[in-house]
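Peer 1: This is the structure I have questions about; it appears just below.
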Amino acid sequence: MEPDLPTVYIVDDDEAVREALGALLSSVCLRYQSFDSAESFLAVVHPHMRGCLLLDVRMPGMSGLELQRNLQEQGVALQIVIITGHGDVPMAVRALKAGATDFIEKPFNEQDLLDRIQTCMKNDHQLWSTRQALEDAAARFGALTPRERAVMELIATGNHTKKIAAQLDIQDRTVDVHRFNIMRKVGVRTLAELLHLWSVAHQPVQN
Amino acid sequence: VKPPGPWLAQAHTIHRAVQVNIRQVILLTVLLGLAFSALLAIPFVFYQRAEADNNLSLLQAEQERVTKLAAGAIRQEMDAVLSDLRYLSQHNELRNYLAHDSRSNRLDLAREYLALATQKHIYDQIRFIGRDGRERVRVDFNEGRPAIIAEQDLRDQSGRYYVGETLRLSPGQIYVSPLDLHLEQGAVEQPPKPAIRFAAPVADDQGVILGMVVLNYQGQRLRDKLGELDGHAGRIRLLNAQGHWLIGATPEDEWVFMYPDRPQRSLAVLSPPLWKQMESKKSGIHQTNGSWIRFERVYPLLGENATPAGAGFARPIDADRYYWTVAVELSQSAIQAANQALLKRLWTVYGALVLFAFLVAGALAFAISRNKALAQVMEKVVDNVPVLVAYVDTEQRYRFNNMAYERFFGLKPRQIYGRTMLELLGDDDYRKARPYIEQALAGEAVSFERKLRHVGEGMRDVTISYLPDTLPNGEMRGFYVMVNDVSPIKASQRRERQQMLELAHVSRLASMGEMATEIAHEINQPLAAIAMYSAAGLRTLKGEFDRGKMETWLDAINTQAKRASEIVKRVRRFVQKGEPQLGPVDLNLIARETAALVDHDARSQDVEIVLELAEGLPAVQGERVLLEQVVFNLVRNAMDAVLAGSGEHRVTLRTSSDAQLVYVEVSDSGPGVDPALGEHIFDSFVTNKQGGLGMGLAISRSIVEAHGGTLRYANNPGGGATFTFSLAREAC
């Protein structure tokens, strides 16, 4: 599964603001895409989207907060910057609690906005890199035979060869062969590397 | 409790307020009654006078008639006697007797005389007396039983004056004695027996006197006959030529010449002036002591039969010297009696009239008193109302004005009366009032507002009403003028309007305060856009840049700056205070402006504002900012209502018009207005919104009413409410 290119998604009902944001983003060579409402954005949203969502919290129709909730439900992992009006701090706090990355108050300093977008893009990049590694590791461990997988789980819990052989009621030598095969299949050379990769593959997925 | 009403007045009229002074009414009644009675008495006096004169002349005419009748009666009677005498001196029995004095002939003659006496009843004696003076035949009346006197009872009358007188006559002559009393044995017979002796000599063919026929006429009969004529015109008196009473007032007055021993109460003695008049005139009227005495001399022997002349027609001698005087006295008492009767009649009528006069006087007195009291009430009211009241006639002259009028113009009482409106108002004011005056004089009630100069307080706002006064036949008499000083009302209206304007302004400021956040948001949009476009531009300028893209951005910046300034302008317009300017206002424009003002707010609250504006909507006269405030308030209320409700978030702003009015409707789909609230929804401080002052609708209504329009609402059948205000469309 290949993710999309990192993009800044703009959702704002005010055309002028939308287009000005576009102009600003284009001036710093950021890819962007504009939507005039939450609904029109939802129509195109998919899990492979990556990048940052600039969301105007106040819009006719579906509000920014509803859109945020909707995206979570769909498992879309976009960085979200909430744009609020002056005095809408309580709403911004609610958005943050619901998982938004940041918020910015209108009227904003464009450098601030750009900084936040850059931060988001960095976060997004990290997230996607991690996710890539995880998926990679999981895919490597996925190639193990059931016997190899059982041995691997015992290795991961810190058992020595003898203990493993005793537990599985097999020869010590057989345990070593399995370990060798595991390390070859996963593509690591040391035991330390193997254990790290295992832990990566088995860490809980975070959004 | 119904108060006792004034008499003869309808209960609801001002007469209720009038108290009639009863003492005054009584006094006036008496005075007027007396005056009327006195006036009425004048014709009565004249009438009474005329009637009395009339009475007198009637009585006098009667008196004259009676006099004539008496004279006629006397002559008639005497004529009859003379005619009898002529007959008796020539008839055959007498001739036979004279030719042959036999017993039978004398008896025949006597019988003849008896027959006459029996038939006629007027002769006391009928006799034939020989030339020696001896009675030859005699018939006595004998108190109604005539009888022939026996031969032995016949007397010798030769000594009697009438015998001698007659014997001296020649045939064809008649002797008539004066009327006197019959003597018996040389003395007056008692009771007195008035008598006249008629004697005619009888001669033979040779003219030798053989004797005489003598008729004793009963004088009493004449007296009785004349006595029958006595009446209200007076009593008949008869006087002989000597002025002695033959018929007098009392028996004592009569026949005094027969009694030489009695006082000679002749007329000459009793009333010398009358006697003198009677002696000199044959007839006349004598007035004395209120009595009217008419007299007429009567020649009894100059009767009708005496007139035709003929042979052998005997005539009385000295007939033109033989006279009596008939007098009729109309006494004062008789006149008074007649006048008394008249007066009695007149008093009855007069009394009735006086009674009537007093009744009329009473009614008049009541009417006068009530009118006076009414006039006092009216004067009091008219003089004390704070209104100038006047009456102007068709020549535009003041005929009446109240005290307020004088005070207003600083004039003294009666200085306005009689002046023309032109004089009082002056050229300028008169010219302005003239069309209205002409209208009023054309019979149309007019009312208009003006400024008039008060003598002390300068120009005052007044409303002037002209009320035409037209007679039922359509004739124009003039008109009433009522001038009401409305300056305090005007001032208070101005103050109220000022207050309303200030309140409206404060309310607008408050509205904008409530909307400050929204406005800030709204203004932030273009500002944010400007900031981003310019930042983008600046960044791009550092490197290679596309000129076309830059132009687009600058254009966008320009547009957004204008957008921001438009918002600012709109808000400023809305909250401006400046002196209100009346002018034609397009309500469609106001609707659009208001929609723009609340647009951001509506959008952010997800309320749809729908405009349904009529095309070619007529303008209204009004104050743009105030009307916008009304629409703004209604739309804001409607937005709040839809947000409170559960229906669609839609507010419809609709304009329409008909022949007179232009309407603006604001409908919402909210919960509608609580029916219990009713018209109180327009009261101040009535609100169902948290943080609302409750001034919006109150101010809106004040504004609409100040524009002469109405603001009302109704709940929609399908939910929600519609607020509608209507204003008169501007005259084209």
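The values are calculated or read from the model by the stated rules, or taken from the named source; none is laboratory data. Note that the coordinates shown come from a computational prediction; the quantities given were computed from them, not determined experimentally. Please note: Cβ atoms are built from the backbone with ideal geometry, for glycine as well, and neighbour counts cover all protein chains shown.
Peer 1: Would you mention how many residues in the range B:535-562 are more than 7 Å from chain A (Cβ to nearest Cβ), buried (at least 18 other Cβ atoms within 10 Å of the Cβ) and within 18 Å of A:Glu15 (Cβ to Cβ)?
Peer 2: 1
Peer 1: Ok, one more. List pairs: first residue in the range B:646-662 and farther than 13 Å from B:Phe725 by Cβ, second residue of a type in the set (Val, Ile, Thr) and modelled with pLDDT under 90 anywhere in the structure, Cβ distance under 8 angstrom, at least six positions apart or on different chains.
Peer 2: Qualifying pairs under 8 Å: B:Glu648/B:Val642; B:His649/B:Val607; B:His649/B:Val642; B:Arg650/B:Val607; B:Arg650/B:Val642; B:Val651/B:Val607; B:Val651/B:Val642.
Peer 1: Follow-up question, since we're still on this one. Among the strands (runs of 3 or more DSSP E) lying completely within the range B:87-183, list those that include at least 2 residues that are of a type outside the set (Val, Ile, Thr) and in contact with an Asp or Glu (Cβ under 6 Å, 6 or more places away or on another chain).
Peer 2: Details: elements: B:123-130, B:135-140, B:173-176.
Ranges flagged: B:123-130.
Peer 1: Suppose we filter A:Val45, A:Val28 for residues that are aliphatic (A, V, I, L, M) and more than 19 Å from the chain's Cα centre (by Cα); which single one remains?
Peer 2: Details: A:Val45 fails: more than 19 Å from the chain's Cα centre (by Cα).
Just a single option satisfies the conditions, and that option is A:Val28.
Peer 1: Out of the residues in the range B:626-658 meeting the condition of being of a type in the set (Val, Ile, Thr) and more than 19 Å from B:Gly513 (Cα to Cα), tell me which one is surrounded by the fewest Cβ atoms within 10 Å (Cβ to Cβ).
Peer 2: Going through the range B:626-658, the residues of a type in the set (Val, Ile, Thr) turn out to be B:630-631, B:635, B:642, B:651-652, B:655.
Those still in the list that are more than 19 Å from B:Gly513 (Cα to Cα) too: B:642, B:651-652, B:655.
Values: B:Val642: 24, B:Val651: 28, B:Thr652: 18, B:Thr655: 20.
Restricting to residues being of a type in the set (Val, Ile, Thr) and more than 19 Å from B:Gly513 (Cα to Cα), the top hit is B:Thr652.
Peer 1: Any residue at all in the range B:254-263 that is part of a loop (DSSP other than H, G, I, E, B), of a type in the set (Asp, Glu) and closer than 30 Å to B:Gly133 by Cβ? Please lay out each step first, then the result.
Peer 2: Step one: filter the range B:254-263 for residues part of a loop (DSSP other than H, G, I, E, B), giving B:255, B:259-263.
Imposing the further condition that a residue be of a type in the set (Asp, Glu) reduces the set to B:261.
Remaining after also requiring closer than 30 Å to B:Gly133 by Cβ: B:261.
Yes, that holds for at least one residue.
Peer 1: Can you tell me which residue within the range A:66-108, out of those that are in contact (Cβ under 8 Å) with a residue 60 or more places away in the chain and more than 14 Å from chain B (Cβ to nearest Cβ), is surrounded by the fewest Cβ atoms within 10 Å (Cβ to Cβ)? Walk me through it before giving the result.
Peer 2: Initial filter on the range A:66-108 (in contact (Cβ under 8 Å) with a residue 60 or more places away in the chain): A:72, A:75, A:77-78, A:83, A:99.
This time we only want the ones that are more than 14 Å from chain B (Cβ to nearest Cβ), so: A:72, A:75, A:77-78, A:99.
Numbers: A:Gln72: 14, A:Gly75: 9, A:Ala77: 19, A:Leu78: 24, A:Gly99: 12.
Selected residue: A:Gly75.
Peer 1: Looking at (1) out of contact with any Leu (no Cβ under 6 Å at 6 or more places or on another chain); (2) crowded, with 17+ Cβ neighbours inside 10 Å, which is the only condition A:His48 fails?
Peer 2: Here A:His48 clears every test but (2).
Peer 1: Consider the range A:30-63. How many of its residues are of a type in the set (Val, Ile, Thr) and away from chain B (no Cβ under 14 Å)?
Peer 2: Of the residues in the range A:30-63, 2 are of a type in the set (Val, Ile, Thr) and away from chain B (no Cβ under 14 Å).
Peer 1: Here are the criteria: (1) surrounded by 15 or more Cβ atoms within 10 Å (Cβ to Cβ); (2) in a helix (DSSP H, G or I). Tell me which single one B:Tyr480 does not satisfy.
Peer 2: (2)
Peer 1: OK, next. State which residue pairs qualify: first residue aromatic (Phe, Trp, Tyr) and inside the range A:180-207, second residue assigned to a helix (DSSP H, G or I) and modelled with pLDDT of 80 or more in any location, beta carbons under 6 Å apart, and separation of 6 or more residues or different chains.
Peer 2: Listed pairs, sorted by first residue: A:Trp198/A:Ala156.
Peer 1: For residues that are of a type outside the set (A, V, I, L, M, F, W, C), buried (at least 16 other Cβ atoms within 10 Å of the Cβ), assigned to a strand (DSSP E or B) and at pLDDT 90 or above, tally how many sit in the range B:435-468.
Peer 2: Matching residues across the range B:435-468 total 4.
Peer 1: Further question on the same structure: Considering only the range A:109-122, I want to know if a residue exists there that is closer than 30 Å to B:Asp599 by Cβ, free of Cβ contacts under 8 Å to residues at least 40 places away in the same chain, within 14 Å of chain B (Cβ to nearest Cβ) and not charged (D, E, K, R).
Peer 2: The answer is yes, given that some residue of the range A:109-122 is closer than 30 Å to B:Asp599 by Cβ, free of Cβ contacts under 8 Å to residues at least 40 places away in the same chain, within 14 Å of chain B (Cβ to nearest Cβ) and not charged (D, E, K, R).
Peer 1: Same structure again: Can you name the residue in the range A:11-29 that is within 11 Å of chain B (Cβ to nearest Cβ) and either of a type in the set (Phe, Trp, Tyr) or in contact with a strand residue (DSSP E or B) (Cβ under 6 Å, 6 or more places away or on another chain) (or both) and is also farthest from B:Gln560 (Cα to Cα) among such residues?
Peer 2: Filtering the range A:11-29 for residues within 11 Å of chain B (Cβ to nearest Cβ) gives A:12-29.
Within this subset, residues satisfying the condition of being either of a type in the set (Phe, Trp, Tyr) or in contact with a strand residue (DSSP E or B) (Cβ under 6 Å, 6 or more places away or on another chain) (or both) are A:12, A:18, A:21-22, A:25.
Working: A:Asp12: 16, A:Arg18: 12, A:Leu21: 14, A:Gly22: 15, A:Leu25: 19 Å.
For the range A:11-29, the residue satisfying everything is A:Leu25.
Peer 1: Also, quick follow-up: List, please: which pairs have Cβ atoms under 9 Å, are six or more places apart or on different chains, and start with a residue in the range B:168-190 that is among the basic types (Lys, Arg) and end with one that is surrounded by 16 or more Cβ atoms within 10 Å (Cβ to Cβ) and not in a strand (DSSP E or B)?
Peer 2: Close Cβ pairs (under 9 Å, with a partner that is surrounded by 16 or more Cβ atoms within 10 Å (Cβ to Cβ) and not in a strand (DSSP E or B)) do not exist here.
Peer 1: Additional query: Tally the residues that are more than 8 Å from every other protein chain (Cβ to nearest Cβ) and either out of contact with any helix residue (DSSP H, G or I) (no Cβ under 7 Å at 6 or more places or on another chain) or in a loop (DSSP other than H, G, I, E, B) (or both), restricting the search to the range B:498-534.
Peer 2: Here the count works out to 11.
Peer 1: Still on this model: Given the conditions (1) under 12 Å from the mean Cα position of the chain (by Cα); (2) surrounded by fewer than 16 Cβ atoms within 10 Å (Cβ to Cβ); (3) among the aliphatic types (A, V, I, L, M), report the number of the one that A:Leu134 does not fulfil.
Peer 2: Just one mismatch for A:Leu134, condition (2).
Peer 1: In the list B:Ala52, B:Ala80, which residue meets the criterion of being hydrophobic (A, V, I, L, M, F, W, C), within 30 Å of B:Ala147 (Cα to Cα), surrounded by 15 or more Cβ atoms within 10 Å (Cβ to Cβ) and modelled with pLDDT under 90? Steps first, please.
Peer 2: Values: B:Ala52 fails: within 30 Å of B:Ala147 (Cα to Cα).
On inspection, the qualifying residue turns out to be B:Ala80.
Peer 1: Among the candidates B:Pro580, B:Pro584, single out the residue that is touching a strand residue (DSSP E or B) at 6+ places or on another chain (Cβ under 7 Å), modelled with pLDDT under 85 and surrounded by fewer than 19 Cβ atoms within 10 Å (Cβ to Cβ).
Peer 2: Values: B:Pro584 fails: modelled with pLDDT under 85.
Step by step, each of B:Pro580, B:Pro584 is checked, and only B:Pro580 is touching a strand residue (DSSP E or B) at 6+ places or on another chain (Cβ under 7 Å), modelled with pLDDT under 85 and surrounded by fewer than 19 Cβ atoms within 10 Å (Cβ to Cβ).
Peer 1: Scan the range B:563-572 residue by residue and report those that are within 12 Å of chain A (Cβ to nearest Cβ) and of a type outside the set (Gly, Ala, Ser).
Peer 2: B:Arg563
Peer 1: State whether one or more residues within the range B:362-377 are over 30 Å from B:Glu296 (Cα atoms), touching a residue at least 40 places away in the same chain (Cβ under 8 Å) and of a type in the set (Val, Ile, Thr).
Peer 2: Yes: one or more hits.
Peer 1: Mind listing whichever residues of the range B:91-150 are within 18 Å of B:Pro201 (Cβ to Cβ) and β-branched (Val, Ile, Thr)?
Peer 2: B:Ile126, B:Ile129, B:Val137 - these are the residues of the range B:91-150 that are within 18 Å of B:Pro201 (Cβ to Cβ) and β-branched (Val, Ile, Thr).
Residue by residue, here is whether (1) acidic (Asp, Glu); (2) on the phi < 0 side of the Ramachandran plot; (3) surrounded by 14 or more Cβ atoms within 10 Å (Cβ to Cβ); (4) out of contact with any His (no Cβ under 9 Å at 6 or more places or on another chain) holds:
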| position | (1), (2), (3), (4) |
| --- | --- |
| B:Gly351 | no, yes, no, yes |
| B:Val354 | no, yes, yes, yes |
| B:Arg370 | no, yes, yes, no |
| B:Gln376 | no, yes, no, yes |
| B:Glu379 | yes, yes, no, yes |
| B:Met403 | no, yes, yes, yes |
| B:Glu406 | yes, yes, yes, yes |
| B:Lys412 | no, yes, no, yes |
| B:Arg419 | no, yes, yes, yes |
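Peer 1: Quick one: is B:Pro171 surrounded by 19 or more Cβ atoms within 10 Å (Cβ to Cβ) and closer than 26 Å to B:Ser102 by Cα?
Peer 2: Values: surrounded by 19 or more Cβ atoms within 10 Å (Cβ to Cβ): no; closer than 26 Å to B:Ser102 by Cα: yes.
For B:Pro171, the condition - surrounded by 19 or more Cβ atoms within 10 Å (Cβ to Cβ) and closer than 26 Å to B:Ser102 by Cα - is not met.
Peer 1: Next up: What residue, of B:Leu39, B:Leu58, is assigned to a helix (DSSP H, G or I), farther than 30 Å from B:Glu135 by Cβ and at pLDDT 90 or above? Please lay out each step first, then the result.
Peer 2: Working: B:Leu58 fails: at pLDDT 90 or above.
Exactly one of B:Leu39, B:Leu58 is assigned to a helix (DSSP H, G or I), farther than 30 Å from B:Glu135 by Cβ and at pLDDT 90 or above, namely B:Leu39.
Peer 1: Now for a separate question. With (1) surrounded by fewer than 18 Cβ atoms within 10 Å (Cβ to Cβ); (2) more than 26 Å from B:Gly537 (Cα to Cα); (3) out of contact with any Asp or Glu (no Cβ under 8 Å at 6 or more places or on another chain) as the list, and A:Cys29 as the residue in question, which single condition is left unmet?
Peer 2: (2)
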